Amino acid sequence: MLANKTVILGITGSLAAYKAADIASKLTQAGARVEVIMTESATRFIAPLTLRNITGRPVVTDMFELASEFSIEHVALAEAADVVAIAPATASLIARLAAGISDDMLTVTVLATKAPVILAPAMNVNMFENSITQDNLAKLKARGFTIIDPAYGRLASGKIGLGRLADVDKIIGTIKQVLGRGGDLAGKRMVVTAGGTQEPIDPVRHIGNRSSGKMGYAIAEAARDRGATVTLVTAPTSLPEPVGMEVVHIETAAQMKEAVAEATSQADALIMAAAVADYQPKSAAKAKIKKETPSLTLELIRTPDILTEVKGDFLKVGFAAESEDIVANARQKLEKKQLDIIVANDITDADSGFGVDTNKVTLIDRDGKVENLPLLTKREVADRILDRVVELLAKKARR
Ligand code: PMT
């Protein structure tokens, strides 16, 4: 999604400026063309040469040098930008932008661009909480700027408070989300489930499975990057919280059912990548079960079948992790659960299915179309599933 996009990365004079190197590196590795503009004070915190080496592009620090050194117009970057992200953004930069001042290359670019602008403030907690800064941010937000709230923690001053530059992954996620606004899922609401539900046996033990959540998270992020409004309903995982979507944390199948019912009330599609437990203990012990008896029998009952029971006029996409007769078994589930698409997941291959970063799937739809995909990354699989969702949504809209 970042490939071939031009991202203007503005850096201002804050101790957090060194983190811009990581942002530039991640964007560049993802295929973006990163044009760095640094204010004069930013160059005191991090050397332009560092950014130049990371991005492989000239770094702009002075508006008047620009034309001669790089032989480009001073608004050329503004015109080429797909997105402008300023991280870190100081209180002074925020005040100048709110006042419409354009007195250096960064403020000139922001004023001259038609691309969306993202600001990631970083400053002392008192400066951030000051009503002048808050008013300035509100003004910029009202003008369409995207503000990434700073994080809470230890600040350069030694104080603890709000003002640390947001996590680099959150900044990158926001850039992707903003770039995705014009995507083929813009205006669509998607609900995605991920991870393995945990059914409690007692306060410390549960019945679980090996789902890592990677497949579901990849679908949620891909849908976000294509412009969808996403709700991710997730069982516990060790994955970082994705940015730019609503994330609902649940543990059990019953909780997932409730969260899915609520989230799908206005959805265009539901994609259930979660590995939902089929059985749960009939009742969970209130206190930790003592290991005094040589054996223990648990009575299990069926969990609710979320896909079958959820009601509404939206596309339903299910997964089927299968080890034999993969396509035939998946087809049966498609019929039984009245799905639009089923993703038959081959779990016989060690590189496919639970826990790994890659997956080998076959997409089967209600009309009988069968598409065998090779081993792909879970992100690639996510995009192939979404291609089919886009197709079916368009077909549904024509009916
Ligand atoms: O999380 P990862 O480590 O990345 O692994 C991804 C995955 C292997 C878990 C995922 O790709 C996958 O295949 N998920 C479905 C697992 C499965 O076998 O589901 P199932 O055959 O039990 O159920 C079929 C469909 O019904 C699934 O979409 C499931 O979410 C849904 N279901 C199942 C049980 C239940 N009580 N309610 C449901 O809605």
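Among the residues of the range 357-372, the ones that are assigned to a loop (DSSP other than H, G, I, E, B) and buried (at least 16 other Cβ atoms within 10 Å of the Cβ) come to 1 in all.
Here the condition is being touching a Leu at 6+ places or on another chain (Cβ under 9 Å) and either free of Cβ contacts under 8 Å to residues at least 40 places away in the same chain or within 11 Å of the ligand (Cβ to nearest atom) (or both); of 356, 381, 390, it holds for 381 alone. Being among the hydroxyl-bearing types (Ser, Thr, Tyr) and under 18 Å from residue 345 (Cβ atoms), is that true of even one residue in the range 171-192? Checked against the condition, which is being among the hydroxyl-bearing types (Ser, Thr, Tyr) and under 18 Å from residue 345 (Cβ atoms), the range 171-192 yields no hits at all.
Only residues that are away from the ligand (no atom under 11 Å from the Cβ) and either open to solvent by 10 Å² or more (accessible area, probe 1.4 Å) or of a type outside the set (A, V, I, L, M) (or both) were counted in the range 188-227, giving 17.
With the condition kept exactly as written, say whether any residue in the range 258-266 is outside the structural domain of residue 175 (by TED's automatic domain parsing) and within 27 Å of residue 171 (Cα to Cα). The answer is yes; a qualifying residue exists. If the condition is being surrounded by 20 or more Cβ atoms within 10 Å (Cβ to Cβ) and of a type in the set (Val, Ile, Thr), then the range 228-248 contributes 230, 231, 233, 234, 243. Checking each residue in the range 52-72 for being modelled with pLDDT of 75 or more and part of a loop (DSSP other than H, G, I, E, B) picks out 56, 57, 58, 59, 61, 62. Of 49, 9, all but one fail to be out of contact with any helix residue (DSSP H, G or I) (no Cβ under 9 Å at 6 or more places or on another chain), among the aliphatic types (A, V, I, L, M) and at pLDDT 95 or above; the exception is 49. Within the range 172-183, is there a residue that is open to solvent by 30 Å² or more (accessible area, probe 1.4 Å), away from the ligand (no atom under 16 Å from the Cβ), charged (D, E, K, R) and more than 30 Å from residue 301 (Cα to Cα)? For the range 172-183, residues open to solvent by 30 Å² or more (accessible area, probe 1.4 Å), away from the ligand (no atom under 16 Å from the Cβ), charged (D, E, K, R) and more than 30 Å from residue 301 (Cα to Cα): present. Only one entry in 47, 24 is in the same structural domain as residue 106 (by TED's automatic domain parsing), more than 20 Å from residue 181 (Cβ to Cβ) and open to solvent by less than 40 Å² (accessible area, probe 1.4 Å), namely 24. Elements of the type strands (runs of 3 or more DSSP E) sitting completely within the range 136-245 and holding at least 3 residues that are over 23 Å from residue 97 (Cβ atoms): these cover 151-154, 189-194, 229-234.
Applying the criterion of being farther than 28 Å from residue 205 by Cα and of a type in the set (A, V, I, L, M, F, W, C) to the residues of the range 249-269, the residue that is surrounded by the most Cβ atoms within 10 Å (Cβ to Cβ) is 269.
Looking only at residues that are assigned to a helix (DSSP H, G or I) and basic (Lys, Arg) in the range 286-342, which one is most open to solvent (accessible area, probe 1.4 Å)? Looking at residues that are assigned to a helix (DSSP H, G or I) and basic (Lys, Arg), I get 336. Flag: residue 277 matches the condition of being open to solvent by less than 20 Å² (accessible area, probe 1.4 Å) and in a loop (DSSP other than H, G, I, E, B). For residue 287, the stated conditions hold: it is at pLDDT below 95, more than 20 Å from residue 368 (Cα to Cα) and more than 10 Å from the ligand (Cβ to nearest atom). Of the set (1) within 16 Å of the chain's Cα centre (by Cα); (2) open to solvent by 70 Å² or more (accessible area, probe 1.4 Å), all apply to residue 166 but (2).
For the structure I just gave you, tell me whether residue 32 is open to solvent by less than 30 Å² (accessible area, probe 1.4 Å) and either in contact with a helix residue (DSSP H, G or I) (Cβ under 8 Å, 6 or more places away or on another chain) or of a type in the set (Ser, Thr, Tyr) (or both). Judged against the criteria, residue 32 is not a match. Any idea which residue in the range 301-314 is farthest from the ligand (Cβ to nearest atom), counting only those that are closer than 24 Å to residue 201 by Cα and without any contact (Cβ under 8 Å) to a residue 60 or more places away in the chain? Per the criteria, the residue is 301.
Of all residue pairs spaced 6 or more apart or on separate chains, those with beta-carbon atoms under 9 Å, a first member in the range 315-327 that is in the same structural domain as residue 219 (by TED's automatic domain parsing) and over 26 Å from residue 190 (Cα atoms) and a second member that is open to solvent by less than 40 Å² (accessible area, probe 1.4 Å) and more than 7 Å from the ligand (Cβ to nearest atom) are 323/346; 326/344; 326/346; 326/362.
The values are calculated or read from the model by the stated rules, or taken from the named source; none is laboratory data. These numbers were taken from a predicted model, which means no experiment stands behind them. Backbone-built Cβ (ideal geometry, glycine too); neighbour counts: all protein chains shown. For the accessible areas, the whole protein counts, side chains as well, though only heavy atoms, and no ligand, DNA or RNA atoms are used. Shrake-Rupley method; radii C 1.70, N 1.55, O 1.52, S 1.80 Å.
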